[in-house]
Amino acid sequence: MPLTGTTNTAANTALRYLNANSAQAGSSLAKLSSGSRIVKASDDAASLAVGTKIRADVSALRQAAVNTAQASSLLQVADGGLAKIADILLRMKSLAVQAQSGSITDSERNFLDLEYQELISEVGDISGQTKFNGAQLLNGASGKSIDLSAATDSLFNPDSTHANGIAARLSGNAAVGTWQLAYDYTAGSSLGQFTLSNGTISDTVQFTHASNAVVHEGRISFEHAGLELALSNFDFSTTFAAGTQSQLEVAGGETLSFQVGVASGDTITINIDDVRPASLGLTGTSVGTTGSSVTAGDALDAAISELNAARANMGAMMSRFEFAAANLATSVENLDAARSTLLDVDMAAEMTRFTSLQILTQAGVSMLAQANQMPQNLLRLLQ
């Protein structure tokens with residue numbers, strides 16, 4: 001390149017390339033130092049936006065995994081309490097059977113009743129004292145519960161969940177409020193049905209029965225409504241007329257809701273059954289006489305069945321949280337891989353580029369020094 005007057009065009013060109021190569025080497029060095037492919041938004045604005053969103057999701061999912069582990073721990077605590085209550089109910093059943101023996105008198109039955117009543121109290125203590133981080137788990141306060149105090153007709157007794165051989169329990173996420181229950185059958189046919197509704201949700205379950213409409217044992221599950229009826233030696237034909245209706249209240253709130261995902265709706269709600277003596281139908285029972293022992297035995301059968309259902313529900317929720325935890329771990333792994341592809345620098349490729357830019361920078365420095373020597377040739381013309 002010729003020299004024009006006092007302007008060193010070659011030096012300007014060498015300086016331009018030196019500055020460009022030096023800037024690229026600096027950018028490459030920043031990426032290698034940070035480990036990120038995108039140091040500033042201009043490097044790749046679209047990938048930066050997507051990668052940042054994924055990073056936020058990964059952070060949320062990791063916390064959701066912690067929430068899931070805490071939920072599992074809470075359920076294990078609750079299940080431990082239920083297991084002890086189950087042991088107590090088995091002992092109480094033994095006492096009720098023993099009290100029905102004709103080889104003992106009411107005097108001995110009163111001795112058995114002393115233990116029986118203490119065990120009822122212990123069931124109440126366990127249901128009230130089983131807690132996780134201060135929250136009571138087994139008294140109905142940690143979820144929803146069935147309240148039959150509003151029942152005014154024959155399907156439910158206002159004072160007991162086990163009156164007339166029928167009990168109600170939660171089997172899912174039932175809505176809080178009043179539910180209307182209707183039973184109907186066609187006389188002389190083998191078809192009957194229950195209908196449960198709250199004004200918004202209506203769930204009907206049909207079943208077959210004998211011509212006299214007798215249903216002795218079984219469970220009728222309203223999956224859509226999230227409720228279940230437990231029938232024990234129940235006789236509709238002699239107790240209820242077709243078209244009989246009643247109502248029950250689902251009380252409480254979703255106090256144990258766990259966030260297990262990114263979106264606000266990604267939650268799992270835990271509903272733990274109320275297992276206090278009154279809810280199990282044990283309040284007022286005794287084994288002090290033969291008659292009361294028979295009644296207590298029937299109540300214990302229903303209580304044991306209800307407790308088994310509560311533990312089954314607990315086990316189902318524990319299993320769900322285990323799978324939720326596994327899914328979260330998989331999601332975090334896959335999202336981390338996607339984020340890495342978008343944001344993480346390829347160390348080998350970037351190091352190769354940085355080395356190349358270092359060579360060009362060093363060459364630029366050398367060539368700039370050479371270009372700065374070129375005006376010396378022009379000065380010789382003045383000699």
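Remarks
- Ranking Gln63, Leu74, Thr52 by Cα position along the charge dipole of segment 50-91, where only Lys, Arg, Asp and Glu carry charges on their C-beta atoms, puts Thr52 farthest toward the positive end.
- Residues whose amide H lies under 5 Å from that of Ser36, counting only those 5 or more places away or on a different chain, are Val345; hydrogens are built 1.01 Å from N in the peptide plane.
- Length gained on full extension, Met347 to Ala56: 102.4 nm, using 0.36 nm per residue less the C-alpha separation.
- Other-chain or far-sequence residues with amide H under 5 Å of Ala168's (modelled H): Ala230
- Less than 5 angstrom separates the built amide H of Asp184 from those of Gln193, Gly243, all sequence-distant by 5 or more or on a different chain.
- Cβ crowding within 10 Å averaged over residues, with 110-123, 272-285 ranked highest first: 272-285, 110-123
- Neighbourhood charge, 12 Å Cβ-Cβ cut-off, centred on Leu82 and excluding it, Lys, Arg +1 and Asp, Glu -1: -3
- Here Lys93 is the anchor, and the lysines within straight C-alpha reach of less than 27 Å, apart from those fewer than 8 places off in the same chain, are Lys84, Lys131.
- For segment 174-184, Karplus couplings with θ = phi - 60° (6.51, -1.76, 1.60), whole Hz, Gly/Pro x: 5, 6, 5, x, 8, 10, 9, 10, 10, 10, 8
Where a number appears in this text, it was derived from the coordinates with a stated rule and is not lab data. These figures come from a predicted structure and were not determined experimentally. Here Cβ is always computed from backbone atoms with ideal geometry, including for glycine, and neighbour counts include all displayed protein chains.
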